[in-house]
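Since the structure comes first, as structure tokens, the remarks are kept for the end.
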Ligand code: C2E
Ligand code: MG
Ligand code: MG
Ligand code: MG
């Protein structure tokens, strides 16, 4: 755009940037074959009900084990998968796998766990997200209430009929809707009701500083607002007992973070659920499920 010209005219393409571009092209080309070569894996991170200490959910987090490069962090490859459009196919794989895993846990009587999956804006714009998800639910015989889609505020900015229609179709199947990284994006708040959002995930940056005045005030306000609208709140990135205690004091509903468990394999998560199924549910359980 013309207004940007002043800033960009003198931009120099430095060797560091060239290296970066080469690396991006290399990573994208490796990403192209990653699905076919079975290089992806889902990890699952527990979500804890703060009052009871019990695991009530799992967030599916994608891992890429690249034979030559080792584990490439999602922060690096997800943006490239989005840029290249590969996120459509990769995302469809995530949906299928996460739903199948949740259905397997449920059929083994391991509790009423809600599986949360991350969905990129591009998946709402292209492909057929609602159909992919509802078909996967039907195939796995998983009730929609056992699935939650996480999207960010930036996805909702892009307020199209298609987005609205997709969310409406998912809601009709009782799929839950969560706003990820809440508080970091631009947010009008009207969408919370328009899209019937179920849950806010308070970004880990606020949790990290929760012992400081501003973050505590912000988290308090978010929790009060959410509750008055009938939404639940989960805090992300909870690493310490102090943070967990503070959040419980603020009536935060749930928490997720290293304090309760790192993202882990499906097998490791399943053994946590087996332990939980054998633990008494009436007494207060101290949440100690570190992996
Ligand atoms: P996110 O959805 O906000 O996921 C939370 C991130 O915080 C995860 O990073 C998780 O491992 C990390 N985390 C959890 N607890 C703690 C903690 O106590 N302390 C700290 N410091 N970090 C914690 P991860 O797995 O590297 O994923 C990064 C991002 O990549 C995710 O952020 C999400 O935006 C994206 N992502 C991951 N899997 C998928 C996927 O299947 N599809 C899409 N579209 N995006 C994904
Ligand atoms: Mg997430
Ligand atoms: Mg997040
Ligand atoms: Mg994030």
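The values are calculated or read from the model by the stated rules, or taken from the named source; none is laboratory data. Not measured: the values here are computed from a predicted model. Note that each Cβ is placed from the backbone with ideal geometry, even for glycine, and that neighbours are counted across all protein chains shown.
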Task: Only listed residue being at pLDDT 95 or above, outside any helix (DSSP H, G or I), within 11 Å of ligand 1 (Cβ to nearest atom) and under 15 Å from the mean Cα position of the chain (by Cα), chosen from 116, 98 - done: 116
Open item on the list: Every residue in segment 233-264 that is surrounded by fewer than 18 Cβ atoms within 10 Å (Cβ to Cβ) and under 20 Å from the mean Cα position of the chain (by Cα), please.
Closed with: 239, 258, 262
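If you go through segment 232-252 one residue at a time, how many are within 16 Å of ligand 3 (Cβ to nearest atom) and more than 16 Å from residue 209 (Cβ to Cβ)? Step through it out loud before you land on a result.
Step one: filter segment 232-252 for residues within 16 Å of ligand 3 (Cβ to nearest atom), giving 232-239, 243, 247, 252.
From what is left, the residues that are more than 16 Å from residue 209 (Cβ to Cβ) are 232-234.
Summing the residues that are within 16 Å of ligand 3 (Cβ to nearest atom) and more than 16 Å from residue 209 (Cβ to Cβ) in segment 232-252 gives 3.
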Open item on the list: I want to confirm something. Restricting to segment 197-210 and keeping residues that are in contact with a helix residue (DSSP H, G or I) (Cβ under 8 Å, 6 or more places away or on another chain) and in a loop (DSSP other than H, G, I, E, B), which single residue is modelled with the highest pLDDT?
Closed with: 197
TODO: Could you tell me whether residue 23 is within 14 Å of ligand 1 (Cβ to nearest atom), farther than 22 Å from residue 133 by Cα and exposed (fewer than 14 other Cβ atoms within 10 Å of the Cβ)?
DONE: no
- [ ] Note down all Cβ pairs under 7 Å where the first residue falls in segment 137-150 and is at negative phi and within 16 Å of ligand 4 (Cβ to nearest atom), the second is modelled with pLDDT of 95 or more and in a helix (DSSP H, G or I), and they're at least six residues apart or on different chains.
- [x] 149/170
Open item on the list: Tell me yes or no: at least one residue of segment 156-170 is under 18 Å from the mean Cα position of the chain (by Cα), closer than 18 Å to residue 120 by Cβ and within 16 Å of ligand 2 (Cβ to nearest atom).
Closed with: yes
Open item on the list: Among the residues of segment 211-232, are any surrounded by fewer than 21 Cβ atoms within 10 Å (Cβ to Cβ), within 16 Å of ligand 4 (Cβ to nearest atom) and assigned to a helix (DSSP H, G or I)?
Closed with: no
- [ ] Name, by its number, the condition in (1) away from ligand 2 (no atom under 16 Å from the Cβ); (2) part of a helix (DSSP H, G or I) that does not hold for residue 75.
- [x] (1)
TODO: Looking at (1) in a loop (DSSP other than H, G, I, E, B); (2) at pLDDT 95 or above; (3) at negative phi, find the lone condition where residue 174 falls short.
DONE: (3)
